[in-house]
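The values are calculated or read from the model by the stated rules, or taken from the named source; none is laboratory data. These figures come from a predicted structure and were not determined experimentally. Note: ideal-geometry Cβ built from the backbone for every residue, glycine included; neighbour counts use all protein chains shown. For accessibility, only protein heavy atoms count, side chains too; no ligands or nucleic acids. Shrake-Rupley method; radii C 1.70, N 1.55, O 1.52, S 1.80 Å.
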Amino acid sequence: MTARTPETPGTPGTTGTVEPAVLTPDVVIVGAGPAGLTAAAELAPRLDGQVLVLDREREAGGIPRHSDHTGYGLRDLRRVMTGPAYARRLADAAVIAGAAVRTGATVTGWAGDRSLEVTSPQGRLRVDARAVVLATGARERPRPARKIPGDRPAGVYTTGHLQNLVHLHHGAPGTRAVVVGAELVSWSAVLTLREAGCRTVLMTTELPSPESYAAFNLPGRALLGVPVATRTRLTRIIGSGGTGSDGSGSGAGSGVGGHKRLEAVEIEDLATGRRRTVECDTLVLTGDWIPDHELARSAGLEIDPGTRGPLVDTALRTSRPGVFAAGNVLHPVDTADIAALDGRHVAGEVLAFLAGREPSPDGVRFVADAPFRWVAPGLLRPGDPAPARGRLLLWTDELVRVPRVVLRQDGRVLARRTVPWPASPGRVFRVPWSMVRSVDPHGGPVHVGLR
């Protein structure tokens, strides 16, 4: 990677425009989470030029660095680690492999097809790369995006905000918490609250059963003493000193709006319509993920209407040549180790692009039929590899305990299979790639659904 800082001529008494420094790596990766760091560690030793990783946070590692509980690294590293240890290991591996990792570097836009505008502590940069990998991840929707009525007190968080407060800034939430959602990340929030000395008095979900695995639900209820209310929705947030109901919200943890602190929440039983008030001083809104897709959208990349991330083929190419995407920006949201395996997968495809391999212009779309919301990757081209781990990834809006998956193309059934795991909201459903073998890559869209 080289850097050059053009000099701008000026005259005494005038102020010249300072041009940004220009970096020219072989590959620039946006996002230093599991997908981005793993891709960097795979690419750096295999390229003569530089691999540059950019991340807006102060430290590399992504979400795991402030998820201070175990369970990370099982599929990619074949070991179980805490989130911070996992994040450090991935960051160290990328640097040891020869990648340059710049933190505090925010990508603000595009200066060309594979050229990025960056703001960093060192000033403005322009990065002109031969290939770009978007590994920007996903985030939980905050209170304003969920349109929850009520007051706007302090004490309302997403899981990420809570973990940042507790694990990175050593702050304290309240003493009584309600957690909205019953996904894997919801139990992560419960563990963080417990570490901070805050008791979870209720977990709620609008679904008939919790979204996370029974292996988490049963110990969570028994060992952590967390009651789970199913078929229940949050209807109002109540703060001290008022009963406003503008529903506008102001962001997690905010204390604006004249309210000192969260006092309670109102919840509704969806079966009976009966409402009750639960006293609490902390509310954690978990799940309801959306990809960090701003860069993909500003580039004009084709967006998958289901995932709301960039549409990619099985090689993780986007609609712009030389721009790839990996991790939870594509499938919000899967586990960190699955995102890391995406990073490993995309590295080989980036190398193929740099070596001059051209993809087929033909391809067929995968379409998610109800109850599925999305399928990833969304495109299959002739001659391309199977996706990472040989799986199609889907998200369901309904619980189906014994799902029979059906693939259809051009009015005919390509494959049927009953899989031995449920299709459950709140977690990714995986379909073996072997079901896709009979797809005609020159035919019509392939519909993936349930019988």
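Here are the numbers for the structure shown:
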quantity: Selection from segment 53-83 of residues that are assigned to a loop (DSSP other than H, G, I, E, B) and open to solvent by 50 Å² or more (accessible area, probe 1.4 Å); calculated: Arg56, Glu57, Arg58, Glu59, Asp68, Arg78, Arg79, Val80
quantity: Qualifying residue in segment 128-146 (condition: free of Cβ contacts under 8 Å to residues at least 60 places away in the same chain, open to solvent by 70 Å² or more (accessible area, probe 1.4 Å) and either farther than 22 Å from Asp334 by Cα or within 19 Å of the chain's Cα centre (by Cα) (or both)); calculated: no
quantity: Filter pass, Val329 being surrounded by fewer than 23 Cβ atoms within 10 Å (Cβ to Cβ) and closer than 26 Å to Ala423 by Cβ; calculated: no
quantity: Tally, over segment 296-318, of residues that are in a helix (DSSP H, G or I) and open to solvent by 20 Å² or more (accessible area, probe 1.4 Å); calculated: 2
quantity: Candidate set from segment 98-124 (those that are surrounded by fewer than 17 Cβ atoms within 10 Å (Cβ to Cβ) and touching a helix residue (DSSP H, G or I) at 6+ places or on another chain (Cβ under 8 Å)); member that is nearest to Asp76 (Cα to Cα); calculated: Gly98
quantity: Checklist (1) outside the structural domain of Ala40 (by TED's automatic domain parsing); (2) free of Cβ contacts under 8 Å to residues at least 40 places away in the same chain applied to Thr119, failing item; calculated: (1)
quantity: Leu90 surrounded by fewer than 18 Cβ atoms within 10 Å (Cβ to Cβ), hydrophobic (A, V, I, L, M, F, W, C) and at pLDDT 95 or above; calculated: no
quantity: Segment 84-105, subset assigned to a helix (DSSP H, G or I) and β-branched (Val, Ile, Thr), residue farthest from Ala60 (Cα to Cα); calculated: Ile96
